[in-house]
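Read through the structure below, which is laid out as structure tokens, and then see the notes.
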There are 2 protein chains.
Amino acid sequence: MATIEDVARRAGVSQSTVSYALSGKRPISADTRRRIEKAIEELGYRPHAGARALASARTDVIGLMAPLRTGVDVNVIMQFVAGVVTGASRSGYDVLLLTQDEGSVARVTSSSMVDALVVMDVEDDDARLPALQNLRQPAVLIGLPTDPHGLSCVDLDFAQAGAVAVRRLVAAGHRSIALIGSPAEVVSRHTSYAERMTRGFVGACEAAGAAYLVLPTAASAAGAVASVDRILAMMPDVTGLVVHNEVALPHVISRFQMRGRGVPDQVSVVAVCPENVAVSLPSPVTSVDIPAESIGQIAVEMLTGLMKDPSRGEVRLVSPRLTERGSVHEVEVVTGA
Amino acid sequence: MATIEDVARRAGVSQSTVSYALSGKRPISADTRRRIEKAIEELGYRPHAGARALASARTDVIGLMAPLRTGVDVNVIMQFVAGVVTGASRSGYDVLLLTQDEGSVARVTSSSMVDALVVMDVEDDDARLPALQNLRQPAVLIGLPTDPHGLSCVDLDFAQAGAVAVRRLVAAGHRSIALIGSPAEVVSRHTSYAERMTRGFVGACEAAGAAYLVLPTAASAAGAVASVDRILAMMPDVTGLVVHNEVALPHVISRFQMRGRGVPDQVSVVAVCPENVAVSLPSPVTSVDIPAESIGQIAVEMLTGLMKDPSRGEVRLVSPRLTERGSVHEVEVVTGA
DNA sequence: TTGAAAGCGCTAACAG
DNA sequence: CTGTTAGCGCTTTCAA
């Protein structure tokens, strides 16, 4: 492998000139620059990442902690990851994929393997928070812990998402609304998005005086079937449905159909899920988008901001956007006697 | 951050002694070792990854090219990735996540960011192959290109998987069998697993004298419905089904049900998918497992082998294993007049 | 606009 | 069993 010294020799300049030509940190005459570029080209030179990291104390690598255990929301997770990778590469960073275990944060940060961290799947009272707060490197969380003190966070505003979904149904006249939510494991693990979603849903139902039901639902066809059957048992007059569970969604719809309640004729549905999930159903579903990929990109943007100016910490909640796809029908509003 | 020099001073030894104590590359007296460990502990010392990479020409990082665009087989992809990360961390490696674009292989290898590469989603005649063959670093492909010349590969033996699935159905007396396969995009992109699967399926059907039908199927509920309807139109006497499409699977089953053919009473099903997909259906499905996670781990093991001895290239096809879950029923074999 | 040279923190000869 | 020391390839001050 060619080194910067080889390049310098070949271009007839000093190492530092090559270095500066590469970094653009000082002006280089057009002629010199041309000779350097030629030498680089001919030698196929690439700076050695380790040497650069040693000398400059930066690695141009971002660490990403992602929940890889398959199961719930694989789509959403993959889209977050894709967003982070895209955003990183756009800003000249690579991404080091870390496992969830607590040790790896300390390992990669204190051995200077990464310049910054993105942490996904944050719990209310996440065990990793103290470690993250005492880091030389900045960190951005995707999610929202109870106390984000000193940490930057970005997430969809799930409370708003729940409220927006309900309000859409209420506006169409629905007054008995059920929430098919995240699996019970997610809720009990206190990953806050499920709670925020529920809070928004409940708040909007109460504000509208609508009857409501909240059912955490396993991310499987079986879970969907069980929840639909329970809804029909507990709330037989249900006409509106908010589904925040991408795996269950299609099965919920077909189960309602099977139980004699067609969507959207007898039951209106608003999903909260990534767009691609909502559009690829047999008949597309009106949904509040989870813009996972752009949230991933935003996380990286926040990180590059923090690396320039560490005081720029902030919490960013992305506003939800509802897209009509025809799965909500107007109902006759029965006015009280 | 403490450096190795700080540790050495505090322990009253030389830098090299600390280095050797850490690497175990030469014997250290018990007493010295204890003092060093104490100093490391007290200072919270961690070797600087860049410095180490520069001096030793190894990074202990493996590059992983994974298809992050969501869609088909997200589960399978995540499990591959999880397997690679697990395997890597078990062998003391970290994982750098690369995008699919061709440039990144050259970038991370020639700047010495990684010691080795795992490449997923390999196509028959993959554009990245030439670049991979001329690398200082070893590479393992997950998948099987047409000409794996000089490259190590690992994958499920999809031809066998197809055959095993068919033979199970044939053994139960089925003679009209359909394959619900990967989406047409996958097939036309020539990712070889779809073709190998089809070849195994067709071969086994012909060997058994069974009628068969192959239907590439979109990874969506809509795709499933369309394929089921086509099967019933083209092969009304179908009784056996092989499904190699994890997204379509549940919808295929419920569509058959809806069309009056219950699984397994009227139609027997063998899926080819990860175990967790097969078991989490409303009623579990007999399946040929895609052991994605262990294939990911095997890929890393092959890599560590190659790093010790680069001549150890090989192609490994993991034998499929079928697990009974009750979705295959015996049929009366109608003997010819 | 350019060059010389001092590190960055570690590994691995070489020497004892 | 341990110490001395020469790099690894780059960035960045200092000096011109």
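The values are calculated or read from the model by the stated rules, or taken from the named source; none is laboratory data. For clarity, every value in this text was computed on a predicted model and none was experimentally measured. Don't worry about glycine lacking a Cβ; one is built from the backbone with ideal geometry, like all the others, and counts go over all protein chains shown. Note: accessible area is taken over every heavy atom of the protein model, side chains too, but ligands, DNA and RNA are not part of it. Shrake-Rupley method; radii C 1.70, N 1.55, O 1.52, S 1.80 Å.
On the accessible surface of chain A, probed at 1.4 Å, how many percent belong to carbon and sulfur atoms?
Whole-percent figure for carbon plus sulfur exposure: 52.
Using the alpha carbons alone, the radius of gyration of the protein assembly as shown stands to its Kirkwood radius in an Rg to Rh ratio of 1.02.
Report the relative contact order of the range A:1-102, percent, no decimals, based on alpha-carbon pairs under 8 angstrom and at least 6 residues apart.
Details: 89 pairs, mean separation 24.7, N = 102.
With pairs under 8 Å counted, the relative contact order is 24 percent.
For chain A, the longest principal axis of the alpha carbon atoms and the long axis of helix A:249-258 meet at an angle near 20°.
In the assembly of identical copies, residue A:5 has its label point, taken 7 Å from Cα in the direction of the beta carbon, separated from the corresponding points by 2.1 nm (ascending, one decimal). By the rule of a C-alpha distance below 22 Å, with chain neighbours fewer than 8 residues away ignored, the lysines paired with residue A:308 are A:25. Stokes-Einstein diffusion coefficient for chain A at 25 °C in a medium of 0.890 mPa s, Rh from the Kirkwood formula over Cα pairs: what value in µm²/s? It comes out at roughly 109 µm²/s. What you get for the range B:4-56, charging only the Cβ of Lys and Arg (+1) and of Asp and Glu (-1), is a dipole of about 160 debye around the Cα centre. Helix A:158-171 and the longest principal axis of the Cα set of chain A meet at an angle near 40°. With contacts taken as Cα pairs under 8 Å and at least 6 residues apart, chain B reaches a relative contact order of 18 percent. When the Cα gyration tensor is reduced to axis lengths a ≥ b ≥ c, the ratio a/c is 1.5 or higher for the range A:4-56, and with a/b not above b/c it is classed as oblate.
Of the residues B:244, B:109, B:164, the one whose Cα sits farthest towards the positive end of the charge dipole of chain B is B:109 (charges of +1 on Lys and Arg Cβ, -1 on Asp and Glu Cβ, taken about the Cα centre). The chymotrypsin sites (Phe, Trp or Tyr not before Pro) found in the range A:170-238 include none that occupy coil by DSSP while having at most 16 further C-beta atoms within 10 Å. Residues whose amide H lies under 5 Å from that of residue A:318, counting only those 5 or more places away or on a different chain, are A:155, A:156, A:157; hydrogens are built 1.01 Å from N in the peptide plane.
For the range B:84-151 and the range B:312-328, write down the distance between their C-alpha centroids in whole Å. Each part's Cα centre sits 24 Å from the other's. Using only the C-alpha atoms, the convex hull of the range A:216-268 corresponds to 66 Å³ per residue. Helix A:74-90 and the longest principal axis of the Cα set of chain A meet at an angle near 30°. Each residue of the range A:1-90 gets 133 Å³ once the volume of the Cα convex hull is shared out per residue. Between identical copies, the spacing of residue A:230 label points, each set 7 Å from Cα toward the C-beta atom, reads 3.9 nm from nearest to farthest.
How high is the relative contact order of the range B:4-56, given as a whole-number percent (alpha carbon pairs under 8 Å, six or more residues apart)?
35 percent
Close amide H pairs (under 5 Å, H built 1.01 Å from N) link residue B:63 with B:96, B:115, B:116, B:117, B:118, residues at least 5 positions away or on another chain. The trypsin sites (Lys or Arg not before Pro) found in the range A:74-144 that occupy coil by DSSP, while having at most 14 further C-beta atoms within 10 Å, are A:136. Looking only at A:172, A:278, A:49, which one moves most when chain A is put into a Gaussian network model with springs between Cα atoms under 10 Å? Top of the fluctuation ranking is A:49.
Using every pair of distinct Cα positions in the range B:147-254, the Kirkwood expression returns a hydrodynamic radius of 14.2 angstrom. Inter-copy label distances at residue A:309, using a point 7 Å along Cα-to-Cβ, come to 5.9 nm with the shortest given first. Annotation: per residue accessible area for the protein assembly as shown equals 42 Å², rounded to a whole number [probe 1.4 Å, protein chains only].
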